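See structure below.
The values are calculated or read from the model by the stated rules, or taken from the named source; none is laboratory data. Owing to the predicted nature of the structure, the values given are computational and were not obtained by experimental measurement. When we count neighbours, we look across all protein chains shown, and the Cβ atoms used for this are built from the backbone with ideal geometry, even at glycine.
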Amino acid sequence: MTKSESIRRAKETIESRRAESIAAYERRIAEVAEAVPEFAEIDRELQKTGPKIVAASFGGGDAKAEIEAIRQEYEKIAERRRQVLIEHGYAPDYCNIRYSCEKCSDTGYVGIDICDCLKQEIVQNYLESSGLYSLTKNQTFDTFCLDYYEKNDRIGMENNVKILKDFAEGFDPASSPNVILVGATGLGKTHLSSAVARRVIERGFYVVYECAQGLLAEYEARRFRTNSYSASDEGDDIDRFIDCDLLIIDDLGTEITNRFSISCLYYLLNQRLIRHRPTIISTNLRGTELRSRYEDRIMSRVFGEFQPLQFSGDDVRMQKVKKTSQS
């Protein structure tokens, strides 16, 4: 799901809520009007006040006084309406519109400002489209445990956590650095990448997470459709890798390496660097292994433009398995 698609769906969700609120309100009005004829007449009188105000506003004369008189008339009718509801066993607000968000009346905006309810829907869509939705439920900074790291490894991990927390809290698509997480499997690279993603998304930015193998498979699939891997086709979902505010590429080095995959990786990294869009890469490969696997033009960008964070220690996953088996 692209960024624009995420926002469009969020707006549609808010619009749907508003439509449901109005439909429920109209059902309650119809229900009471059928049971209480007096209520139906009062409700019709209330509906006439809006046109009266419009007519007074453009009718010349003392519009202010006329509008005030209509307002007072409205309040009297509205009070009688509430009394009729109470007399027939209904709550006095039973026939009011009940919006999901009273702040914006389910429009998504308060004046010209975006409402928190729409922001939350956009964030939720960003989470779902990021590729990290299931991971970010449990893999946060708060759930990252340093107890599995000892001595210098723990000191290094404490520093990594601080750097990545600061990255997430201060994220800016135009100025945040690129980062590469390097270390053996099971040392928390994916957990902390997920934690960064969740916090950045919560702050309203569009994040895309994909393992290197899946990312390059998408470029491969597109090549068979279009005989091209450039992201020039308007609306192509693959554009999200280039256009997202933050791209997280997990497990670089697990993908099949060939001329095409290397060209795609170079194209993607180069485009994001040109556009000043931050990228986080995680890999189990050492520096020498990366250099032997990828071309110099890729490595010059990775080692020249990415801040390296070294992950060291004993495989945390295996420690957890061992601890569980012993308990």
Cβ-Cβ under 9 Å pairs, at least 6 apart or on other chains, region 101-112 side farther than 13 Å from LYS11 by Cβ, far side part of a loop (DSSP other than H, G, I, E, B) and of a type in the set (A, V, I, L, M): SER105/ILE97
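Report whether or not ARG28 is out of contact with any strand residue (DSSP E or B) (no Cβ under 7 Å at 6 or more places or on another chain), part of a helix (DSSP H, G or I) and outside the structural domain of TYR99 (by TED's automatic domain parsing).
Working: out of contact with any strand residue (DSSP E or B) (no Cβ under 7 Å at 6 or more places or on another chain): yes; part of a helix (DSSP H, G or I): yes; outside the structural domain of TYR99 (by TED's automatic domain parsing): no.
No: the conditions fail for ARG28.
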Residue that is basic (Lys, Arg) and surrounded by 16 or more Cβ atoms within 10 Å (Cβ to Cβ), where the choices are LYS189, LYS151, LYS162: LYS189
Selection from region 174-205 of residues that are touching a Leu at 6+ places or on another chain (Cβ under 7 Å) and over 21 Å from LEU252 (Cα atoms): VAL200, ILE201, PHE205
Matching entry among GLY50, GLY111, GLY89, GLY59 (being surrounded by fewer than 13 Cβ atoms within 10 Å (Cβ to Cβ), at pLDDT 90 or above and either aromatic (Phe, Trp, Tyr) or farther than 30 Å from GLU210 by Cβ (or both)): GLY89
Members of region 16-29 found to be touching a residue at least 40 places away in the same chain (Cβ under 8 Å) and either of a type in the set (Lys, Arg) or under 13 Å from GLU121 (Cβ atoms) (or both), listed by number: ARG17, ARG18, ARG28
Filtered residue count, region 271-291, keeping only those that are under 26 Å from the mean Cα position of the chain (by Cα) and surrounded by 15 or more Cβ atoms within 10 Å (Cβ to Cβ): 10
Residues (in contact with a Ser or Thr (Cβ under 9 Å, 6 or more places away or on another chain) and assigned to a loop (DSSP other than H, G, I, E, B)) located in region 71-107: ILE97, ARG98, TYR99, SER100, CYS101, SER105, ASP106
Per-region count, region 180-222, residues of a type in the set (D, E, K, R) and under 18 Å from the mean Cα position of the chain (by Cα): 5
Matching residues, region 194-217, being surrounded by 24 or more Cβ atoms within 10 Å (Cβ to Cβ) and touching a strand residue (DSSP E or B) at 6+ places or on another chain (Cβ under 7 Å): VAL196, ALA197, VAL200, ILE201, VAL207, VAL208, TYR209, LEU215
